[in-house]
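Attaching a single structure in structure tokens format; questions to follow.
The values are calculated or read from the model by the stated rules, or taken from the named source; none is laboratory data. Note that the coordinates shown come from a computational prediction; the quantities given were computed from them, not determined experimentally. Ideal geometry is used to build each Cβ from the backbone, glycine not excepted, and the neighbour counts take in all protein chains shown.
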């Protein structure tokens, strides 16, 4: 079995949205991995990590699995012809159109989630509806060939769902054991549904500017689109 | 508070051993992050991901927290004067000397785990004793200022332990919520203690060559050292 798996990367992405699923998906037998960006220059993540793309958007082969990670800069791309064009072209032929975290908002801006159930980072859930997506709670949400993961670390759970779908549960279990994926969070509280309300308030307040900007961008796009 | 945090990276490392904790630790207020390698050339992971270092081993500032990720190539460095010298010098002054996955074996080869409890990837546990470390089960193991994490994805749990230690539990909880760290593994079985015995046997068989080579390298080092 040969499987072409590709990630869109861009400046100011959250690298773990990408590197978490990359590590899992690269272990699927027959997978050929592509890291696609506008140019082959290093891409710097929101935390300063520099990663090299393997291919430009223009040269990227047709993908079986398209994965779009998120990050603070997602709303910079809603009207970017090159990125939106890439996603529309790949999305039309890919077997699976997928995202992690706020990557779903870029898929949304490309019109690829219209009428589909989808998820995103918990703090960005109200940005899905303006793109016609049906906001759906869940660490991994599937609707037909769209598979979307929640915030950042949800990318690992997302990736195992994709592996189970692509290669079956036995392959997913073997990769899980190889990567020792038996998590033991130090504290309960990694999602608002299980966190102390004061903490949710404090973290939301820290993100306020970014969330406002993003909400406006989604609304603007909805009005324009 | 200012905190200097540095990762050793090298060809053929397992990138998630590094990128998982990097994402968490970079969010500690006041953290300055360093990615140290022999040269500033891109470093290619065992799954083909290319990452750019920020500093050479020679130019790396004195670190408060030294983190060594693992990977299939760890035994290539047991007698590498440049890497072992870097680890010894940094290890002598760092507040915390830490590792993820088989990174602990390189720390061991540098003599930094002699007499310390430590952990590593489940399939490599019998490589710790030749370096004088006390093999200890646990996703995160702490002994004085040594903090070691288990295989690959344990790096995220490891990192939250380090954050709680460096900056307190409230900061760790806020980062956990920001990164939506509320894992939901698709299958139980990410560690031999909870996996189907046939799966453990199959995955161990797939790793047999690498494990043999690594066992011999550790024994050779123990005899030589």
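Return a yes/no flag: does the stretch B:79-87 have any residue that is surrounded by fewer than 24 Cβ atoms within 10 Å (Cβ to Cβ), under 23 Å from residue B:40 (Cβ atoms) and touching a helix residue (DSSP H, G or I) at 6+ places or on another chain (Cβ under 6 Å).
Looking for residues that are surrounded by fewer than 24 Cβ atoms within 10 Å (Cβ to Cβ), under 23 Å from residue B:40 (Cβ atoms) and touching a helix residue (DSSP H, G or I) at 6+ places or on another chain (Cβ under 6 Å), one finds none in the stretch B:79-87, hence no.
Could you check the stretch B:2-22 and list, in sequence order, the residues that are without any contact (Cβ under 8 Å) to a residue 40 or more places away in the chain and more than 11 Å from chain A (Cβ to nearest Cβ)?
The one that is without any contact (Cβ under 8 Å) to a residue 40 or more places away in the chain and more than 11 Å from chain A (Cβ to nearest Cβ): B:2.
Anything in the stretch B:181-197 that is surrounded by fewer than 24 Cβ atoms within 10 Å (Cβ to Cβ), under 23 Å from residue A:120 (Cα atoms) and modelled with pLDDT of 95 or more? List them, or say none. Outline the logic, then answer.
Of the residues in the stretch B:181-197, the ones surrounded by fewer than 24 Cβ atoms within 10 Å (Cβ to Cβ) are B:183-189, B:191-197.
Checking which are under 23 Å from residue A:120 (Cα atoms) leaves us with B:183-187.
The answer is B:183, B:184, B:185.
Is it the case that residue B:171 is part of a helix (DSSP H, G or I), at pLDDT 95 or above and more than 10 Å from chain A (Cβ to nearest Cβ)?
So residue B:171 passes the test.
For residues in the stretch A:150-168 being assigned to a helix (DSSP H, G or I) and facing chain B (nearest Cβ under 8 Å), which is farthest from residue B:192 (Cα to Cα)? Walk me through it before giving the result.
At the first step, the residues of the stretch A:150-168 found to be assigned to a helix (DSSP H, G or I) are A:154-167.
With facing chain B (nearest Cβ under 8 Å) added as a condition, the list becomes A:154, A:156-157, A:160-161, A:164.
Details: A:154: 23, A:156: 19, A:157: 19, A:160: 18, A:161: 21, A:164: 20 Å.
This residue is A:154.
Where in the stretch A:1-75 are there strands (runs of 3 or more DSSP E), lying wholly inside it, with at least 1 residues that are under 18 Å from residue A:85 (Cβ atoms) and over 14 Å from the mean Cα position of the chain (by Cα)?
Numbers: elements: A:3-8, A:31-37, A:50-52, A:65-68.
The strands (runs of 3 or more DSSP E) meeting that bar are A:31-37.
Looking only at residues that are surrounded by 22 or more Cβ atoms within 10 Å (Cβ to Cβ) and more than 14 Å from chain A (Cβ to nearest Cβ) in the stretch B:61-74, which one is nearest to residue A:15 (Cα to Cα)?
The initial filter retains those residues of the stretch B:61-74 that are surrounded by 22 or more Cβ atoms within 10 Å (Cβ to Cβ), namely B:63, B:65-71, B:74.
When the remaining residues are screened for being more than 14 Å from chain A (Cβ to nearest Cβ), the result is B:63, B:65-66, B:68, B:74.
Working: B:63: 23, B:65: 21, B:66: 21, B:68: 19, B:74: 24 Å.
Looking at residues that are surrounded by 22 or more Cβ atoms within 10 Å (Cβ to Cβ) and more than 14 Å from chain A (Cβ to nearest Cβ), I get B:68.
While we're here: Is at least one residue of the stretch B:147-159 more than 15 Å from the chain's Cα centre (by Cα) and modelled with pLDDT of 95 or more? Steps first, answer last, please.
Restricting attention to the stretch B:147-159, the residues satisfying the condition of being more than 15 Å from the chain's Cα centre (by Cα) are none.
Within the stretch B:147-159, none of the residues are more than 15 Å from the chain's Cα centre (by Cα) and modelled with pLDDT of 95 or more.
Right, another one. Tally the residues that are in contact with a strand residue (DSSP E or B) (Cβ under 8 Å, 6 or more places away or on another chain) and buried (at least 22 other Cβ atoms within 10 Å of the Cβ), restricting the search to the stretch B:106-116.
Taking the stretch B:106-116 as the starting set, the residues that turn out to be in contact with a strand residue (DSSP E or B) (Cβ under 8 Å, 6 or more places away or on another chain) are B:106-108, B:112-113, B:115-116.
Next, only the ones that are buried (at least 22 other Cβ atoms within 10 Å of the Cβ) stay: B:106-108, B:112-113, B:116.
Within the stretch B:106-116, residues that are in contact with a strand residue (DSSP E or B) (Cβ under 8 Å, 6 or more places away or on another chain) and buried (at least 22 other Cβ atoms within 10 Å of the Cβ) number 6.
Which condition from (1) surrounded by 15 or more Cβ atoms within 10 Å (Cβ to Cβ); (2) within 20 Å of residue B:33 (Cα to Cα); (3) free of Cβ contacts under 8 Å to residues at least 40 places away in the same chain is the one that residue B:168 breaks?
With (1) surrounded by 15 or more Cβ atoms within 10 Å (Cβ to Cβ); (2) within 20 Å of residue B:33 (Cα to Cα); (3) free of Cβ contacts under 8 Å to residues at least 40 places away in the same chain applied to residue B:168, the lone miss is (1).
Tell me which of these residue B:102 doesn't satisfy, since it passes every other one: (1) at negative phi; (2) more than 14 Å from chain A (Cβ to nearest Cβ).
Just one mismatch for residue B:102, condition (2).
Next question. Every residue in the stretch B:27-43 that is facing another protein chain (nearest Cβ under 9 Å) and either crowded, with 24+ Cβ neighbours inside 10 Å or closer than 30 Å to residue A:32 by Cβ (or both), please.
Once the filter is applied, which keeps residues that are facing another protein chain (nearest Cβ under 9 Å) and either crowded, with 24+ Cβ neighbours inside 10 Å or closer than 30 Å to residue A:32 by Cβ (or both), the stretch B:27-43 yields B:35, B:42.
Also: Could you grab me the full set of residues in the stretch B:202-225 that are more than 10 Å from chain A (Cβ to nearest Cβ) and either at positive phi or in a loop (DSSP other than H, G, I, E, B) (or both)? Let's see the steps before the verdict.
In the first step, residues of the stretch B:202-225 are kept if they are more than 10 Å from chain A (Cβ to nearest Cβ); the result is B:205, B:208-225.
Listed by number, the list holds a single entry, B:225.
Residue A:83 passes all but one of (1) in contact (Cβ under 8 Å) with a residue 12 or more places away in the chain; (2) more than 14 Å from chain B (Cβ to nearest Cβ); (3) part of a loop (DSSP other than H, G, I, E, B); which number fails?
(3) is the only condition that residue A:83 fails.
Just wondering, is there one or more residues in the stretch A:47-58 that are away from every other protein chain (no Cβ under 14 Å) and surrounded by 19 or more Cβ atoms within 10 Å (Cβ to Cβ)?
Looking for residues that are away from every other protein chain (no Cβ under 14 Å) and surrounded by 19 or more Cβ atoms within 10 Å (Cβ to Cβ), one finds at least one in the stretch A:47-58, hence yes.
Any residue that is over 23 Å from residue A:155 (Cα atoms) and in contact with a helix residue (DSSP H, G or I) (Cβ under 6 Å, 6 or more places away or on another chain) - is there at least one of those in the stretch B:134-145?
Just the residues of the stretch B:134-145 that are over 23 Å from residue A:155 (Cα atoms), to begin with: B:134-138, B:141-145.
From what's left, in contact with a helix residue (DSSP H, G or I) (Cβ under 6 Å, 6 or more places away or on another chain): B:135.
Yes, the stretch B:134-145 contains a residue that is over 23 Å from residue A:155 (Cα atoms) and in contact with a helix residue (DSSP H, G or I) (Cβ under 6 Å, 6 or more places away or on another chain).
Considering A:119, A:153, which residue is under 27 Å from residue B:154 (Cα atoms), in contact (Cβ under 8 Å) with a residue 40 or more places away in the chain and surrounded by 15 or more Cβ atoms within 10 Å (Cβ to Cβ)? Working first, answer last.
Values: A:119 fails: in contact (Cβ under 8 Å) with a residue 40 or more places away in the chain.
After applying the criteria, what remains is A:153.
I would also like to ask the following. For residue A:178, are the conditions met, namely being at pLDDT 95 or above, at positive phi and surrounded by fewer than 24 Cβ atoms within 10 Å (Cβ to Cβ)?
Numbers: at pLDDT 95 or above: yes; at positive phi: no; surrounded by fewer than 24 Cβ atoms within 10 Å (Cβ to Cβ): yes.
Criteria not met by residue A:178.
Restricting to the stretch A:131-149, name every residue that is part of a strand (DSSP E or B) and in contact (Cβ under 8 Å) with a residue 40 or more places away in the chain.
Of the residues in the stretch A:131-149, the ones part of a strand (DSSP E or B) are A:134-135, A:140-143, A:146-149.
Once the filter is applied, which keeps residues that are part of a strand (DSSP E or B) and in contact (Cβ under 8 Å) with a residue 40 or more places away in the chain, the stretch A:131-149 yields A:146, A:147, A:148, A:149.
So, one more: Go through (1) outside any loop (DSSP other than H, G, I, E, B); (2) more than 18 Å from residue B:9 (Cα to Cα); (3) in contact (Cβ under 8 Å) with a residue 40 or more places away in the chain; (4) touching a helix residue (DSSP H, G or I) at 6+ places or on another chain (Cβ under 7 Å) for residue B:199 and report which single condition fails.
Condition not satisfied by residue B:199: (3).
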